[in-house]
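Accompanying notes for the structure given below.
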Amino acid sequence: MEKTAAGSKRRIGSNAQTIGEVLRRPVSYIVPVNQRDFAWTQEEVDLLWQDIVNALEEGRGEYFLGAIVLAPNKDGQHVLEIVDGQQRLAALSMMLAAIHQTWKSRDDDEQAAEVFRDYLGSKDRKTREISPKLRLNETNDPVFQAIVLRGERATETQLKAWPKSNRLLYEAFQRFQKHLADWQTKNPDAEESLIELEKYIAGNANVIVIEVGDEYDAFVIFETLNDRGLELAVADLVKNYLFSLAGERIDTFKKTWSEIALLVGSENLTPFLRHLWLSEYTFVRERDLYRDLRDKVKTKTVARQFVEKLRKMADLYAALLNSDAPYWADVPTEALQHLRALRLFRAAQFRPLALAVMEGGTAEEVSKMLRVVSVITFRYTIISGFNANQLERIYSDAAMAVRKSGKRNVKAVFDQVKAAYIDDQRFVEDFGKATFGRAELARYILVQLNNAMEKDRAVGAKEDAISLEHILPKNPGSEWPNAVPRDDDPDRWVESIGNLTLLEKPVNRALGNKDFHIKRDKAYSLSKLAVNADVAGKSKWTWKEIEERSKALSAIAKRVWSLSF
């Protein structure tokens, strides 16, 4: 036992248990209303299934699933709240439910009843109502009970109306059922394989069960586990902490938090919290966000103000995630082009600055800010390959400076981030040497270059009507002798900007690996796109022509992605 500062004993206990021991306990487990929705995708479902099946088939004595944290529930001593681990328990329950329903489909009601009673719940003989072992949060539990425990099927109308987390839950259960059916077909004795899998999950899959005495202990455990490298959701802890300060306003807090989660998506809650913190308070890493927030948000009044702030900023953050959000209706259309580019760059580091400008800035200021961060991000990370973590700190410092000064005009914004603006000489050198293996990114770059080259924009490259073309093919045959230097890496040249171009889709389909002269005469010479004019005039195509064209395109890129204030 550990003592608190006040001298009272803190109740925290831990022990290793099998999943069977956890689920056979005479208690039920609930996911508190404030915990995040079910978020497992196909990737996590497949990984859990494959790991457990591999462990079983390899004869491993145990399969370790990490730690789960439980806390008492105010409604009764036979109910425990899942502070952390709800995703894993839900997934394991689905695996066991799939086994239960398989027994039912085989008309073995006795086996089905035993699996259900041991791991899933009990059924009242009179009312026929199910008392489940596991209850999820308010969003997911109705679907979990209906689909997983009662074996119902969802209609197309229901699927369309459900939030994303319920669709993920439904898809996860269907996937476990499919995995189980496929696995049985590979085993000669289907019934024996069912029993083996159930016994392995129940008797060999282990967790460390950590039981705490109250919410504060849960916070301590979170910090301890996080310090030891076990990843837990920061948003869950922040939410619990804020709710602990809510007092009589707890229902309002819960309602507001649900609105926030719906706006930004439960999977984006932690990034949202951190980006707001970086925008308005101080720069922190994700692992330190909770501690810093707890140090600054200590009273009911401050907690209420912070929750209200979160709700307000959630609308803005949701707009950064969705170019169809209502926020953009009155913003210049150029802003959406920059936002889509940032999404293509897989950039999130700019969001603290974006929040600072969006809150209080005009539509024009927001649009110009997005162009600034789009150009800087393109130069800094995409072309020159600098570490994005440093860029995030620059954007965070800029956000706080913007809030402090109140100046959101483009010159003021650029002055705060110009340290990250790669100079023209470095940019041109790096652009000419860069390779672009991501087709979507290469296509975006070439569209911008092409449209800059077409001064009157009479044609313009429409992304839905063009495709990416490698002039020197990825796998050149004998038709391309001496195209690259001997013993050199072909990819260096094939994915170079100088070797990439755009073609109208009907023209590009029939080219394949044909030699340069055929491709030139049947495609590049016939193309109306400006980016192909120089290629159409070449008599051959080797690494020298690629290098020459890369330099020419670099000079154009310098003008396209340029800021001057």
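The values are calculated or read from the model by the stated rules, or taken from the named source; none is laboratory data. For clarity, every value in this text was computed on a predicted model and none was experimentally measured. Because the Cβ atoms are built from the backbone with ideal geometry, glycine has one as well, and the counts that use them run over all protein chains shown. SASA here: full protein model, heavy atoms, side chains in, ligands and nucleic acids out. Shrake-Rupley method; radii C 1.70, N 1.55, O 1.52, S 1.80 Å.
Which pairs, out of LYS104/LYS164; LYS164/LYS239; LYS411/LYS433; LYS164/LYS296; LYS74/LYS254; LYS74/LYS164, put more than 24 Å between their alpha-carbon atoms?
Working: LYS104/LYS164 29 Å; LYS164/LYS239 20 Å; LYS411/LYS433 31 Å; LYS164/LYS296 33 Å; LYS74/LYS254 17 Å; LYS74/LYS164 30 Å.
Exceeds cut-off: LYS104/LYS164; LYS411/LYS433; LYS164/LYS296; LYS74/LYS164.
Here the dipole of the chain is about 1960 debye; that uses its Cα centre as origin and unit charges on the Cβ of Lys and Arg (positive) and Asp and Glu (negative). Between LYS540 and GLU57, the distance separating the two model label sites (each 7 Å from Cα on the Cα→Cβ line) works out to 5.4 nm.
Computed from Cα positions, the angle between helix 215-227 and the longest principal axis of the chain comes to roughly 50 degrees.
Once you sort the root eigenvalues of the Cα gyration tensor of the stretch 13-152 as a ≥ b ≥ c, which label holds: rounded (a/c under 1.5), prolate (a/b larger than b/c) or oblate (the other case)?
On the way: a/c = 1.39, a/b = 1.03, b/c = 1.35.
Note, shape of the stretch 13-152 comes out rounded.
Both radii come from the Cα set of the stretch 236-280: Rg as radius of gyration, Rh as Kirkwood radius; their ratio Rg/Rh reads 0.99. One decimal place: the segment LYS178-ARG287 gains 35.5 nm when fully extended, by the rule 0.36 nm per residue minus the C-alpha distance.
Per residue, the stretch 64-162 exposes 52 Å² of solvent-accessible protein surface, assessed with a 1.4 angstrom probe and all protein chains in place. Taking amide H positions as modeled 1.01 Å from N, with prolines and chain starts lacking one, the residues under 5 Å from VAL83 and 5 or more places away or on another chain are VAL69, LEU70, ALA71. If you take the beta carbon distance between ASP521 and ARG393 as r and set R0 to 51 Å, what does 1/(1 + (r/R0)^6) give as a FRET efficiency, to the nearest 0.05? Calculated transfer efficiency: 0.45.
Only protein atoms count toward the accessible area here, which uses a 1.4 Å probe; on the chain, the carbon and sulfur part of that area reaches 47 percent.
Where nothing but the Cβ of Lys and Arg (+1) and of Asp and Glu (-1) is charged, how large is the charge dipole of the stretch 242-338 around its Cα centre, in debye to the nearest 20? Walk me through the intermediate numbers first.
On the way: 15 positive and 14 negative charges, 132 e Å.
So the magnitude is around 640 debye.
To the nearest ten degrees, helix 363-377 and the longest principal axis of the Cα atoms of the chain are 80 degrees apart. Available extension along the chain between SER122 and GLU156 is 9.3 nm, counting 0.36 nm per residue and deducting the alpha carbon span. Over the chain, DSSP H runs of length four or greater, each weighted -39,500 (n - 2.57), average out per residue to a 222 nm ellipticity of -16500 deg cm²/dmol. The residues of the stretch 290-336 present an accessible area of 50 Å² per residue when probed at 1.4 Å with all protein chains retained.
Computed from Cα positions, the angle between helix 164-185 and the longest principal axis of the chain comes to roughly 80 degrees. Between GLN390, ILE201, PHE173, the Cα set farthest toward the positive side of the dipole of the chain (charges on each charged residue's Cβ, about the Cα centre) is that of GLN390.
With Cβ to Cβ distances under 12 Å as the rule, what net charge do the other residues near ASP182 carry (K, R +1; D, E -1)? Mind showing how you got there, number by number?
Values: positive: ARG175, LYS178, LYS186; negative: ASP46.
Residues close to ASP182 contribute a combined charge of +2.
In the frame of its principal axes, the chain has Cα extents of 85, 67, 45 Å, reported largest first.
Subtracting the Cα-Cα distance from 0.36 nm times the residue separation, let me have the gained length for VAL27 to ARG346 in nm, one decimal.
Numbers: separation 319, 0.36 × 319 = 114.84 nm, distance 4.45 nm.
Net length gain for the segment: 110.4 nm.
Spin-label model, LYS199 to GLU429: label points 7 Å out along the Cα-to-beta-carbon direction sit 6.8 nm apart. Backbone phi angles across the stretch 529-545, fed through the Karplus curve with coefficients 6.51, -1.76 and 1.60 (θ = phi - 60°), yield HN-Hα couplings of 7, 4, 5, 9, 4, 5, 5, 5, x, 8, 9, 8, 9, 10, 4, 5, 5 Hz in residue order; Gly and Pro are listed as x.
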